[in-house]
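Structure first, then comments.
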Amino acid sequence: MDLKVKKSQKPLQGAIRPESDKSISQRLILFSLLTEEECVFEKISSALDPRSALSAAACLGLEYRLENDTLFAKGPGIAGLKEPDRPIYCGNSGTLMRLLMGLLAPSRIFAVLYGDHSLNNRPMARIAEPLRDMGAVIHTRRGGLAPIAVVGGDLKGTDFTLPVASAQLKSAVILASLHSEGQSRVIEPIPSRDHTERILAHMGAEITRQGSEIIIEPGRKLSGIKMKVGGDFSSAAFFIGAGLLGEGSEIILDDVNLNPTRTGLLKVLERMGASLVVDETEDVEPIGRIKVASENLCGTVVESVEVPLLIDEIPLLAVLAAAAEGTTTICGVSELKVKESDRLSGIAELVRLLGRECAIKGEGKNLTLEIYGRPGEFEGGTYDPKFDHRLAMAACVAGLNSPEGITVLNAECAEVSQPQFYSELKRLGAQIEE
Ligand code: S3P
């Protein structure tokens, strides 16, 4: 399905409750495998990635029923995991494959994991290697790619410093550490999202943090958990972008997860001149409301340490930077090359389509993205997001500032994280045509 989005005469107005958090929904589904007590998750995400997690968990013995958007799940516990008689499909989801590698490494079962074309070409050696150091038997396709075979067995604790700021890698090692022999220490020089630590600690795992060190004492029995999932900040971000770009627009985002390890974009946008009103309440995860109104933005510098806190929002940030006055520099963006697509190239292509210039500077693990912004309307044309949901939604938001319009190819890939994205944007007043 190709969609054309163009600047509408009217400002965007209204309230949205974005799709539930994908990272948290996937973790809750996977972690419920590790306890034999019932888990209840209200407002579980219905996006494609969490649905892949649910099917994968069912292959491993999770019994569940869905009543509207409440998931009742009962797992077999680590010792009772069912050995699947066929490969487990992880769809488009790096979180699912990587967390499963860590979860299954200390189990008693053999499992093969594979994904779609994108996932089967993303780096998995970064997960396999530290798990092998703990004693895991993991086979990958040449080049450290999926399909992957995990032969569960006895592991020993680890002392591991993350070489990249990756919550997926951190989570895989933490999950393996829960059922290893002896204490583990995971050191993260640059903080990344901490949903795994929060949820597992809430389930009774002994996970403590001392500065940049996460200490895991294995062997604790995990209990069931009841939790309501908040809206996904990464999905909300596209509506924040839509609100900021459209003249006279005012959008309210309700019930959004505001975990500070996810909301780095808010700080960056404030530096760019946005005044966002945020109210929040604290639970296992903080939740709140964001009010956004259109604003003239200016360029800023995003430092490498901020990048993991807004990693999935960079395509959208690039669109806003293209409409801002002056240069926006985003340091430490190499990880964007190994996301659902090569997002760095995808962003550069999009910014140029909008009639703005950008540059990718540096080498290897030290890449910097510079966007030379200019206020005013965008040019238009056809954009191929290469089946990457976040590039498709970023291009769609950019179209809101293009009188000529932007045609987004295969726009349905937004379903991976936000199935209702286009209909919700339309409800706020956006002009979107098939
Ligand atoms: C995620 C972590 C991030 C993020 C991804 C989801 C997670 O990936 O980009 O969309 O759920 O832990 P990395 O851990 O590879 O940075």
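The values are calculated or read from the model by the stated rules, or taken from the named source; none is laboratory data. As the structure is a prediction and not an experimental result, all values here were calculated from the model. Glycine gets a Cβ as well: all are built from the backbone with ideal geometry, and neighbour counts include every protein chain shown. Heads up: the accessible areas ignore ligands, DNA and RNA and are worked out on the full protein's heavy atoms, side chains in. Shrake-Rupley method; radii C 1.70, N 1.55, O 1.52, S 1.80 Å.
What do you get for trypsin sites (Lys or Arg not before Pro) in the stretch 34-125 restricted to DSSP loop and a cutoff of at most 16 other Cβ within 10 Å of the site's Cβ?
Working: sites: 43, 51, 65, 74, 82, 98, 108; in loops: 43, 82, 108.
Filter output for the stretch 34-125: 82, 108.
What number comes out for the charge environment of residue 329, summing +1 per Lys or Arg and -1 per Asp or Glu over other residues with Cβ under 15 Å away?
Numbers: positive: 271, 356, 361; negative: 303, 306, 325, 357, 370.
For residues surrounding residue 329, the net value is -2.
Rounded to the nearest 5, what % of the DSSP beta bridges within the chain are antiparallel ones? Walk me through the numbers before you get to the answer.
On the way: 56 of 76 bridges.
Rounded to the nearest five, the antiparallel share is 75 percent.
I need to check one value: relative contact order of the chain, counting alpha carbon pairs closer than 8 Å and at least 6 residues apart, in percent.
19 percent
Computed FRET efficiency, Cβ-Cβ of residue 382 and residue 228, R0 41 Å: what is it to the nearest 0.05? Before the final figure, lay out the partial values.
Values: r = 40 Å, r/R0 = 0.98.
E(calc), rounded to 0.05, equals 0.50.
Express the C-alpha Rg of the chain as a ratio against the empirical globular expectation 2.2 N^0.38 Å, rounded to two decimals.
Values: Rg = 21.1 Å, N = 434, 2.2 N^0.38 = 22.1 Å.
Normalised Cα radius of gyration, the chain: 0.95.
In degrees from 0 to 90, rounded to the nearest 10, what is the angle of the helix 94-104 Cα long axis to the longest principal axis of the chain?
Value to nearest ten degrees: 10.
Strictly over 26 Å apart at the Cα level, which of 170/267; 74/228; 267/365; 22/156; 291/386 would you flag in this model? Working shown, then result.
Working: 170/267 24 Å; 74/228 17 Å; 267/365 24 Å; 22/156 31 Å; 291/386 32 Å.
Pairs exceeding 26 Å: 22/156; 291/386.
When the Karplus curve 6.51 cos²θ - 1.76 cosθ + 1.60 is applied with θ = phi - 60°, which whole-Hz ³J(HN,Hα) does each residue of the stretch 418-434 get, with x for Gly and Pro?
Along the stretch 418-434, the couplings run 8, x, 8, 3, 5, 5, 5, 5, 5, 4, 7, x, 6, 9, 10, 10, 7 Hz.
Given a 1.4 Å probe and every protein chain left where it sits, what share in percent of the accessible area of the chain is carbon and sulfur?
On the way: 7890 of 16290 Å².
Solvent-exposed carbon and sulfur of the chain make up 48 percent of the total.
Using Cα pairs under 8 angstrom and six or more residues apart, how large is the relative contact order of the stretch 22-218, in percent? Show your work: numbers first, answer last.
Values: 431 pairs, mean separation 31.7, N = 197.
Relative contact order here is 16 percent.
Could you work out how far the C-alpha centroid of the stretch 401-434 sits from that of the stretch 127-142, in angstrom?
40 Å
Return the loop-located trypsin sites (Lys or Arg not before Pro) in the stretch 305-359 (DSSP other than H, G, I, E, B) with at most 16 other Cβ atoms within 10 Å of their own Cβ; answer none if there are none. Present the calculation step by step, with values, prior to reporting the outcome.
Values: sites: 337, 339, 343, 352, 356; in loops: 339, 356.
Sparse-neighbourhood loop trypsin sites (Lys or Arg not before Pro): none present.
Excluding ligands, DNA and RNA, what is the solvent-accessible area per residue of the chain at a probe of 1.4 Å, expressed in Å²? Spell out each step's value before the answer.
Working: 16290 Å² over 434 residues.
Result: 38 Å² per residue.
Given charges of +1 on the Cβ of Lys and Arg and -1 on the Cβ of Asp and Glu, with all other atoms neutral, how large is the dipole of the chain about its Cα centre, in debye to the nearest 20? If you can, show how the numbers build up before the last one.
Details: 47 positive and 59 negative charges, 139 e Å.
Taking the Cα centre of the chain as origin, the dipole is about 660 debye.
Relative to the longest principal axis of the chain, what angle (0 to 90°, nearest 10) does the C-alpha long axis of helix 167-178 take?
20 degrees
Please list 3J(HN,Hα) in residue order for the stretch 21-37, calculated via the Karplus relation 6.51 cos²θ - 1.76 cosθ + 1.60 where θ = phi - 60°; whole Hz, with x for glycine and proline.
4, 6, 4, 6, 4, 5, 5, 4, 4, 5, 5, 5, 5, 8, 10, 8, 7
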